[in-house]
Structure formats: C-alpha cells, structure tokens
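Shown next, in structure tokens, is the structure this report addresses.
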Amino acid sequence: MPKIAYYPGCSLHSTAGEYNQSLLLVLERLGIGYEEVPDWNCCGADSAGTVDSQLAVTLAVRNLVQAKRVSDIVLAPCVHCYERLTKGKEQIENNPHMRQNVAAEMGQELEELPSVEHALELLTTPDVLDKIQHYAKKSLSGLKVASYYGCLFAKTPKPFHFDEPDNPETLDRLIQTLGGEALSWPYKTECCGGNLSLTRADVAEKRVGRIVSVALEWEADCLVVACPLCHANLDLRQMQLWDKKTENRIPIFYFSQLIGLALGFDPEILGLRKHFVSPGSALAIAGIHF
Amino acid sequence: MEVASCGQCGKCSASCPVSFAMDILPHQIVHLLQLEAQQAVVTSESLWLCIQCGSCSSTCPHGIDLAGMIQELRTVAQYRPEVKAGDQIRFHQSFLRSIEHNGRVYDTALLVRTLRAQGKKNWKLVWPAFARGKIRIWPSRAESRLEIKGYFKRAWLKLGGKHA
Ligand code: SF4
Ligand code: SF4
C-alpha cells in the first residue's frame, strides 16, 4: 500500500489526542505508511461557511494541495474534516466558477487533487480487515457493541459514501472481525447534537440522553464512534447528565481503540484513561484487565 | 433557490435532530422562502440551531438542499441585531478568529471565550477536561498563517468589512 497523507485536524491535536494516538499505533502495526500533511490548516468546520462559501472551500482545498505533495490519498479521521475536504474537492471538480476563484486566490492552478478517505473507510477494506485478523492477539468476544455513525453519511456528498447511508454496516463488520457482537440497534445514524455542545448544552444533553438510553435498552456494553466531536459530546455530556441524577452511563470507544485492543496494545497506551466514562466494565467483559 | 418544488411533506422536519428546540421548523423555513418571507427566516433562531447534519437534505424527496440554504442564509443573517441566537453566532466568530490568527483552532482560547461570554455553568467541565489532557496549553499553529489570514481578509471585505 502506498504511503498516505495524514490530516489530523484540530481535534486530534487536542481534545481527541487518544484517537490520534490509537489510530497511528494501529496504522504502524498494520504496516500502513503515513506522513502528516505538511503545514496543514484548520478545515474551517461549519463556521467558515457562515461567512463566505469561497472561504470554506479555500480552507479545505489548501489542505488537499498540501497533501498532494506527499501522497495521492489523504486520510481524515474526523467526520467534520472529512466532510469539508470532500465538499471542497467536489466544488473544485464540479463548479468551474468556484474553481477559478479559489485558484486565483491561492495563486496556483488546481491540478488533480488527492482522493479523500475517512479513517474508518481505510481500515475496513477487506484487505485491511484480513490483516487485522491476522495480527490480532485478543478477541473482543462477549462484548456487545452498538456502532454509532452519527451524521457521517448524511453530511458528506454522495460520491464519497463508502457505505449505505441509512443503514451503514462498516463499523459492524469491523466489530465482528474483532470478535465482538455488533448490535443492530436503531440509533446508528441519529445525530448527537455535538455542534451545539458549547452554546446550547440543553439541546446537546437531550440528544445524548436519548442515544445513551436507547443503547442501554438494547443492552449494549459500549458504543463505538468514528468522530472526535461525537466522542467528546457523548462521553463528556454523560458526566453532566449524572448531576441530574440519571444512572445511565455507557463507555464510548473510538473504533481505533477497539482495533488497538484486539492487536494487543495496552489500554493505557490507547488513551483509555482519558475518557470520562470509565471503559473498565466493558473491558472486563472482553477479559481485558484495566 | 430551488424551493418551488417543495410540497410541504414535512420529512425534513421529521428527520431534524434539533427541530424540538427550533422556533421555525425546517419545512416552515422552506415554506417561508417560497413566500419570499426571507426576513422571518434570517432573524430566526433556527438558522443557528441547525447543526448542519445534512439529514433534511438527504431525506427530501425533491432533492432540496435545505442544509446548504441555511448555511448561505447565515452569511446574510450574521450581523442582524434582531437575531436571537447570539451565543451561537459568537461561537462561530470566535472559532474563525482562532483560525485567522493561528491557521488552526486553538480550542483553549475558544473554550474560555465562549464560556466567559455565557458566564455560567459549563465551567465545571474545564478542570476534568484539563486533567485528562484534553485541553492544550499552547496553540498548535500553521506556519503559513499569514497566507490564511489573507483568505479571511478577502471574506471579511466581501461581508462589508465587518470584522468578527
Ligand atoms: S422534505 Fe423537501 S419537500 Fe418535504 S417539506 Fe422538506 S423541503 Fe419540502
Ligand atoms: S441540517 Fe440543520 S435543519 Fe437540516 S436536519 Fe440537520 S439540523 Fe435540521
């Protein structure tokens, strides 16, 4: 497999350090070479577009141009970065007016841009799943996992859907490969309200409360996510909910942490102590000491 | 905008994860746009409660991209004093200021600015987040932040020079 350009994005450099850590460990163990996108910038998230659509595209496209210097594939682990990079690419390819303006602003022709992949996409191709199985040292057998995709597919442009948007199964296939039980529960693609986490905590809290209680009704031992915003919101928000005397709690894993556990990495190295809801109970079910 | 084909089926509102908190529901936004009552839309809180999840656009049987329209309308609504969603607008502006200066988001400053503006409860999350190494002390910066600042300059000028 050729070397990929790795675009961590701002969250993986701060609140989601454990996603970064576990993902890179897994890539290295599986022999997938990567290089960080040279001098990457923030993708602009949802905010850049509130000022100007061209600003939103330029911020995303600059990263694609930078990535192209090291690879034809750029890897985005965050759903929001993934959306911005794919939308930027789509705009340059399908909107000649935008392409012209952005090229003029950046002072360069926008030659072929790299392809954009989400980390979940890259790590669940049949080849990589085989490899994971080959290198696995532990099975997550006994662990009931509710896979949670949030707005991953509703947000991204259609050509970039790597799974069925209404009933995705990529995470479920991964969980089965790792030996766990993937629950077929109804809230896989319910949005967690993460973007309102800081400004309308009341709204985010209601979303999280609902997702957590449904997962518990389905007797899940944990939730697995592929986005730093979902993680921050689902994990941290539960702590606030306890203040309101709700007993409900469920640990939230990044998918890369579950792969890491199966590959035999120590939970500590995978950043599992950084979570607000302790994953201890779930790890015990899979026979992993924490 | 392509709102004419909307038959008011309401699927967008049914799929919206935050419609319960909105003052005008997603299908009502489309209806108001059909009636060319933009004013009511750009001053609504809904415009800023939308989390851009894209559910409405992907379920609409007529392919109406409401999420995209909301994002476009925000550029118009940004500086209306009557807008009811000050916290959300300030959050976006702090976020952008951070990118403008560092090329990346410095979440610590963002957090502090946002929480200070609200002056209330969310503060108690700060210490546990810090203790878990989830808040960095120094910003992560892009070397070409001047180039990025230039992109912002053009965008602000287009908005009438009103700097966030
Ligand atoms: S889903 Fe589409 S057609 Fe139905 S009300 Fe919403 S915008 Fe109109
Ligand atoms: S994009 Fe906005 S309006 Fe549409 S469903 Fe999501 S939150 Fe609701």
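The values are calculated or read from the model by the stated rules, or taken from the named source; none is laboratory data. None of these values were measured; they are calculated from a predicted model. Every residue, glycine among them, receives a Cβ derived from its backbone with ideal geometry; neighbour counts consider all protein chains shown.
Just a few scattered comments:
- Just one residue in the set B:L25, B:L32 is within 10 Å of ligand 2 (Cβ to nearest atom), at pLDDT 95 or above, more than 23 Å from A:A45 (Cβ to Cβ) and more than 14 Å from every other protein chain (Cβ to nearest Cβ); that residue is B:L25.
- Hey, B:F95 within 16 Å of ligand 2 (Cβ to nearest atom), surrounded by 20 or more Cβ atoms within 10 Å (Cβ to Cβ) and within 12 Å of another protein chain (Cβ to nearest Cβ) or not: no
- Meeting the requirement of 1 or more residues that are more than 16 Å from ligand 1 (Cβ to nearest atom) and surrounded by fewer than 22 Cβ atoms within 10 Å (Cβ to Cβ), the helices (runs of 4 or more DSSP H) wholly within segment B:16-87 are B:38-42, B:66-77.
- Taking the criterion of being surrounded by 18 or more Cβ atoms within 10 Å (Cβ to Cβ) and of a type outside the set (S, T, Y), the residues of segment A:1-12 that qualify are A:I4, A:A5, A:P8, A:G9, A:C10, A:L12.
- Cβ-Cβ distances below 8 Å connect the following pairs, each with a first residue in segment A:264-290 that is surrounded by 19 or more Cβ atoms within 10 Å (Cβ to Cβ), a second residue that is among the aliphatic types (A, V, I, L, M) and part of a loop (DSSP other than H, G, I, E, B), and a separation of six or more residues or different chains: A:V277/A:I250; A:A282/A:L143; A:A286/A:L140; A:A286/A:L143.
- Subset of segment B:1-13 [at pLDDT 95 or above and under 21 Å from the mean Cα position of the chain (by Cα)]: B:C12, B:S13
- Candidate set: segment B:65-83, residues that are away from ligand 2 (no atom under 16 Å from the Cβ) and more than 8 Å from chain A (Cβ to nearest Cβ); chosen: the one modelled with the highest pLDDT: B:V76
- Residues being in a helix (DSSP H, G or I), of a type outside the set (S, T, N, Q) and away from ligand 2 (no atom under 14 Å from the Cβ) - total across segment B:4-15: 1
- Count of segment A:57-72 residues which are in a helix (DSSP H, G or I) and more than 8 Å from every other protein chain (Cβ to nearest Cβ): 9
- Listing of helices (runs of 4 or more DSSP H) fully contained in segment A:99-161 that carry 2 or more residues being within 16 Å of ligand 2 (Cβ to nearest atom) and within 14 Å of chain B (Cβ to nearest Cβ): A:152-155
- The residues listed here are A:E247, A:E219; of these, the one that is more than 13 Å from chain B (Cβ to nearest Cβ) and either assigned to a helix (DSSP H, G or I) or at pLDDT 95 or above (or both) is A:E219.
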